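Structure, as structure tokens:
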Amino acid sequence: MKSFACGDVVPGCDAQFMSTTDDEILADVRTHAATAHGLNELSADVEQAVRSSITVR
Ligand SMILES: [Zn+2]
């Protein structure tokens with residue numbers, strides 16, 4: 001299982017995401033970023049930061 005903590009990219013956010021693939025986490029993060037952070041699009045930099053912060057457990 002892969003997991004991502006939004007707080008690793010957006011300090012102070014306590015949202016956590018878990019999925020089997022990076023792409024599914026990215027999809028959930030896009031929705032979360034739009035609703036919680038007002039980011040309607042993830043820039044390439046942010047997407048890269050998310051991918052590099054995904055951990056496998
Ligand atoms: Zn967040």
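The values are calculated or read from the model by the stated rules, or taken from the named source; none is laboratory data. Keep in mind that what you see is a predicted model, and the values were worked out from it rather than measured. We place every Cβ from the backbone using ideal geometry, glycine too, and count neighbours over all the protein chains shown. The protein model used for the area step is the full one, side chains on, heavy atoms only, and it has no ligands, DNA or RNA in it. Shrake-Rupley method; radii C 1.70, N 1.55, O 1.52, S 1.80 Å.
Each residue of the stretch 20-25 was assigned a 3J(HN,Hα) from its phi angle through the Karplus expression (A = 6.51, B = -1.76, C = 1.60, θ = phi - 60°), giving 8, 10, 4, 5, 5, 5 Hz with x at Gly and Pro. Element breakdown for the stretch 2-56 at a 1.4 angstrom probe: carbon and sulfur atoms account for 49% of the accessible area. Report the net charge of residues surrounding Thr20, where surrounding means a beta-carbon distance below 13 angstrom and charges are Lys +1, Arg +1, Asp -1, Glu -1. With Lys, Arg at +1 and Asp, Glu at -1, the neighbours total -2. Accessible area of Leu39 (1.4 Å probe, protein heavy atoms only, ligands and nucleic acids ignored): about 80 Å². Placing one identical point scatterer on every Cα of the stretch 2-56 and ignoring solvent, what is log10 I(q)/I(0) from the Debye formula at q = 0.14, 0.20, 0.29 Å⁻¹? Values, matching the q order: -0.29, -0.61, -1.37. What figure in square angstrom, to the nearest 10, would you give for the accessible area of Asp23 with a 1.4 Å probe? Rounded to the nearest 10, that gives 100 Å². For the chain, the per residue solvent-accessible surface stands at 64 Å², with DNA, RNA and ligands left out and a 1.4 Å probe.
Each residue was assigned an accessible area with a 1.4 Å probe, and for His32 the value is about 30 Å².
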